[in-house]
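The values are calculated or read from the model by the stated rules, or taken from the named source; none is laboratory data. What you are looking at is a predicted structure, and each value in this text was computed from that prediction instead of being measured. As a convention, Cβ positions derive from the backbone with ideal geometry for all residues, glycine included, and neighbour counts pool all protein chains shown.
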Amino acid sequence: MQRMFPAPLAPLLLLLLLAVSPVICWRPWPHLKANDSDLIFGGSKKYEGSSKFVHMRYHMGPVLTTHINVHTIWYGTWQRSQKKIIREFISSISAVDSNHPSVSGWWKTVQLYTDQTGANISRTVRLGKEKNDRFYSHGKSLTRLSVQSVIKSAVTARTNPLPINPKGGLYLVLTSTDVYVHDFCGQVCGFHYFTFPSIVGYTLPFAWAGNSAKLCPGVCAYPFAVPDYIPGLKPLKSPNGDVGVDGMISVIGHEIAELATNPLINAWYAGQDPVAPVEIADLCEGIYGTGGGGSYMGQLLKGKDGATYNMNGIRRRYLVQWVWNHVVNYCTGPNALD
């Protein structure tokens, strides 16, 4: 039986729990953690999540300064329309002709980060090779280590293996609605790390994101779905008509941004713990527009069809979380209001 807190106490107890929870991976507001800077450093809204106390530091590790190729593994059952939404988002990161505010404008904040030679993160992010794993080769319940085994199967496949590209490649494992990954829904909606040579044979930066449409849309597809325990809260209309995939987009953007700036967990992060680093997207959890912070997402855009978004891609609209700008020490995004 699930224990329920009395309604008047629930918000206070939730806030206390959030304040002591460590940052591990990507988790959306409002379910597990509001953005760090808003909780710790007060309510100033001059800049979103701004604080002179946040020390985003460079730890001398490599970042992705060469052309970034996103090699995708479609694990499980995926519809063509779902793949198209995600492919176009990745392609939009480098698109220069998208309408303002654009996904490529969002990436410009990521490009501000450099390596020890002063070279910036690459502005070019391309769709790499793809691999389909329709038959769930490692089952429908995965651990963090078995996600690495999925990557090994893709790079060592007898036919059309994914290329090995440790410097400019990152590997994106996307699991369908019927696949559970350890801590999915309860703790994380996505994560990134690097593969172990003992499992994969190479050290490769990778990320995982899951489609939560069946398992926990109110947790990982928020605000296009809302949790049952918040009565009266209405979901927003998703920009591409697929709640699960539209919810994944911000998770994918979050993880790609952090992979580019901290691929081996020894480059850009705040805090003293490289095991649980506070990275450039962690600092801006829940912030999607001007005024965002705590329980407020910020000012967003609404299309004529009623869909909510904050960025334009090549042909589609997306809702993507902002990232931390270490030059000015606050979260920034292309849809910021002057």
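Details
- Qualifying residue in the range 269-292 (condition: under 21 Å from Ser122 (Cα atoms), assigned to a strand (DSSP E or B) and of a type outside the set (D, E, K, R)): yes
- On inspection, Tyr309 does not qualify as touching a helix residue (DSSP H, G or I) at 6+ places or on another chain (Cβ under 8 Å), under 27 Å from Asp97 (Cβ atoms) and not β-branched (Val, Ile, Thr).
- Among the conditions (1) surrounded by fewer than 23 Cβ atoms within 10 Å (Cβ to Cβ); (2) over 16 Å from Arg144 (Cβ atoms); (3) touching a residue at least 12 places away in the same chain (Cβ under 8 Å); (4) among the β-branched types (Val, Ile, Thr), the only one that Val226 does not satisfy is (3).
- Within the range 187-237, being in a loop (DSSP other than H, G, I, E, B), farther than 20 Å from Gly303 by Cβ and of a type in the set (Ser, Thr, Tyr) holds for Thr195, Ser198, Tyr202, Thr203, Ser212, Tyr229.
- Residue among Ser153, Ser137 that alone is part of a helix (DSSP H, G or I) and not charged (D, E, K, R): Ser153
- Subset of the range 156-209 (residues that are on the phi > 0 side of the Ramachandran plot and exposed (fewer than 15 other Cβ atoms within 10 Å of the Cβ)): Asn160, Gly201
- Checked against (1) modelled with pLDDT of 95 or more; (2) surrounded by fewer than 20 Cβ atoms within 10 Å (Cβ to Cβ); (3) of a type outside the set (Gly, Ala, Ser), Ile85 passes all but condition (2).
- Of all positions in the range 238-247, none carries a residue that is in a strand (DSSP E or B), closer than 30 Å to Tyr113 by Cα and not aromatic (Phe, Trp, Tyr).
- In the range 95-114, the residue that is surrounded by the most Cβ atoms within 10 Å (Cβ to Cβ) out of those that are closer than 26 Å to Met56 by Cβ and either hydrophobic (A, V, I, L, M, F, W, C) or at pLDDT below 95 (or both) is Val103.
- For the criterion of being under 17 Å from the mean Cα position of the chain (by Cα), surrounded by fewer than 24 Cβ atoms within 10 Å (Cβ to Cβ) and modelled with pLDDT under 95, Pro231 fails.
- Those residues of the range 315-338 which are surrounded by fewer than 16 Cβ atoms within 10 Å (Cβ to Cβ) and among the aliphatic types (A, V, I, L, M), in sequence order: Val327, Val328, Leu337
- Residues of the range 300-317 that are assigned to a loop (DSSP other than H, G, I, E, B), closer than 18 Å to Lys234 by Cβ and in contact with a Gly (Cβ under 9 Å, 6 or more places away or on another chain): Leu300 alone.
- All conditions but one from (1) within 19 Å of Tyr318 (Cα to Cα); (2) crowded, with 24+ Cβ neighbours inside 10 Å; (3) touching a strand residue (DSSP E or B) at 6+ places or on another chain (Cβ under 8 Å) apply to Gly247; the one that does not is (3).
- Subset of the range 97-121 (residues that are more than 17 Å from the chain's Cα centre (by Cα) and under 16 Å from Ile68 (Cα atoms)): Leu112, Tyr113, Thr114, Asp115, Ala119, Asn120, Ile121
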